[in-house]
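Asks: A single structure is presented below for examination.
The values are calculated or read from the model by the stated rules, or taken from the named source; none is laboratory data. Predicted model, so just to flag it, every value in this text is computed and none were measured. Methodologically, a virtual Cβ is constructed for each residue, glycine included, from the backbone with ideal geometry; neighbour enumeration extends over all protein chains shown. For the accessible areas, the whole protein counts, side chains as well, though only heavy atoms, and no ligand, DNA or RNA atoms are used. Shrake-Rupley method; radii C 1.70, N 1.55, O 1.52, S 1.80 Å.
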Amino acid sequence: MVLNAVLIAGVAIIGLSHLHAGPPDPTVAADPPGGPASTLPDPDAVPSGTAAAGQTPVSEPPHASATASPNTGVAHAPKVATRMRSDFATGDSWPYGAGYRETGRLAWPLGVVDHVMSHGPAQAPNAVSWLERWLQDDVRRIGARVLFAPNHSGSAAITAWHTSVLDTTGLQVPRTGMRLVVQPGAWQLVALDNHGQSVVASGTYDRAGRSAAFDMVRRETTIWLTDPDGKVTEVDDRRIGSLSGPWASWELREGKVGDRPAGFQEIWAG
């Protein structure tokens, strides 16, 4: 009996050591020093969790203008194939056929540096860069993997424009019902129409590192947003469908001097 007890204790100790020394979670991507990346490194990956349909994540109450989905249960984004993708982190260069516009004063213009698409620090308030790619048909999917600065980070935005942002000047932009503004730990889905800007939905996410992936899929008047935690938020608004367009855009913005630019490690659209 004593021998059996010793053998059982030895097996238990070996089992616990394997639990503590197991391999890392394969859903977590590599990240620059400072922490792991978003849990959505692959925009085609199955989300690791979902929020309730028609609601933002539980850490943020739904905005009043967001209409709850008639479906019950968890939200699942429809499958939409990507038509363009640039992975700067693995060596891709400037996206084929893309154009850009800038306003404000920047230390240097938008470009790919050290496997990240970014621009130089702002030398005056309201410095913005827009990268745009025409997709011929209305954008039904758009996303990006954003690398935020370690501190005082600028923001980024992912947008499907009704008309080209390159045809505007200064801080003017076209109308849209599919615009996601992101910053470390938080996001806002906004619409821009003839009455100005309004927040359609908002939420927060856990900051596991500086890198965070966001993906939006649209069907008619509904958007399914997958956040860096892998949670899916389903939002319905008539402007999402009526202000759709074929211009996919990725934006970097610093509101004041001293903000440090964010950058894009990867962008995609479909």
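Asks: Can you find a residue in the stretch 88-102 that is aromatic (Phe, Trp, Tyr), more than 30 Å from Thr221 (Cα to Cα) and buried (at least 17 other Cβ atoms within 10 Å of the Cβ)? Please lay out each step first, then the result.
Replies: Applying the first criterion (aromatic (Phe, Trp, Tyr)) to the stretch 88-102 yields 88, 94, 96, 100.
Now drop any that are not more than 30 Å from Thr221 (Cα to Cα), which leaves 88, 94.
In the following step, the residues that additionally are buried (at least 17 other Cβ atoms within 10 Å of the Cβ) were identified as 88.
Yes, some residue in the stretch 88-102 is aromatic (Phe, Trp, Tyr), more than 30 Å from Thr221 (Cα to Cα) and buried (at least 17 other Cβ atoms within 10 Å of the Cβ).
Asks: Moving to a separate point now. Within the stretch 159-199, which residues are within 18 Å of Glu102 (Cα to Cα) and of a type in the set (S, T, N, Q)?
Replies: Thr159, Thr163, Ser164, Thr168, Thr169, Gln172
Asks: Follow-up question, since we're still on this one. So, of the residues in the stretch 115-144 that are acidic (Asp, Glu) and open to solvent by 20 Å² or more (accessible area, probe 1.4 Å), which turns out to be nearest to the chain's Cα centre (by Cα)?
Replies: Result: Asp138.
Asks: Between a residue in the stretch 132-147 that is polar (S, T, N, Q) and any residue that is in a loop (DSSP other than H, G, I, E, B) and surrounded by fewer than 21 Cβ atoms within 10 Å (Cβ to Cβ), which pairs come within a Cβ distance under 8 Å, given they are 6 or more apart or on different chains?
Replies: Gln136/Pro246
Asks: Output the number of residues of the stretch 75-87 satisfying the condition of being within 18 Å of Leu131 (Cβ to Cβ) and either open to solvent by less than 90 Å² (accessible area, probe 1.4 Å) or of a type outside the set (D, E, K, R) (or both). Steps first, answer last, please.
Replies: At the first step, the residues of the stretch 75-87 found to be within 18 Å of Leu131 (Cβ to Cβ) are 82-87.
Still in the running and either open to solvent by less than 90 Å² (accessible area, probe 1.4 Å) or of a type outside the set (D, E, K, R) (or both): 82, 84-87.
Total satisfying the criteria: 5.
Asks: Just name the residue that is farthest from Tyr96 (Cα to Cα) out of those in the stretch 213-270 that are of a type in the set (D, E, K, R), over 11 Å from the mean Cα position of the chain (by Cα) and open to solvent by less than 10 Å² (accessible area, probe 1.4 Å).
Replies: By that ranking, first place goes to Glu254.
Asks: Which residues, counting only those in the stretch 231-267, are part of a strand (DSSP E or B) and either out of contact with any strand residue (DSSP E or B) (no Cβ under 9 Å at 6 or more places or on another chain) or over 22 Å from Asn151 (Cβ atoms) (or both)?
Replies: Quick first cut of the stretch 231-267, residues part of a strand (DSSP E or B) only: 232-236, 247-254, 257, 259-260, 263-267.
Scanning the stretch 231-267 gives Val232, Thr233, Glu234, Val235, Asp236, Trp247, Ala248, Ser249, Trp250, Glu266, Ile267.
Asks: State whether one or more residues within the stretch 163-173 are touching a helix residue (DSSP H, G or I) at 6+ places or on another chain (Cβ under 8 Å) and open to solvent by less than 10 Å² (accessible area, probe 1.4 Å).
Replies: First pass over the stretch 163-173, keeping only residues touching a helix residue (DSSP H, G or I) at 6+ places or on another chain (Cβ under 8 Å): 173.
Imposing the further condition that a residue be open to solvent by less than 10 Å² (accessible area, probe 1.4 Å) reduces the set to none.
No, because not a single residue in the stretch 163-173 is touching a helix residue (DSSP H, G or I) at 6+ places or on another chain (Cβ under 8 Å) and open to solvent by less than 10 Å² (accessible area, probe 1.4 Å).
Asks: Let me ask something additional. Assess whether Val112 counts as being buried (at least 20 other Cβ atoms within 10 Å of the Cβ), in contact with an Asp or Glu (Cβ under 9 Å, 6 or more places away or on another chain) and in a strand (DSSP E or B). Can you show your working first?
Replies: Values: buried (at least 20 other Cβ atoms within 10 Å of the Cβ): no; in contact with an Asp or Glu (Cβ under 9 Å, 6 or more places away or on another chain): yes; in a strand (DSSP E or B): yes.
Judged against the criteria, Val112 is not a match.
Asks: Inside the stretch 72-104, can you point out the residues that are part of a helix (DSSP H, G or I) and polar (S, T, N, Q)?
Replies: Scanning the stretch 72-104 gives a single hit, Thr90.
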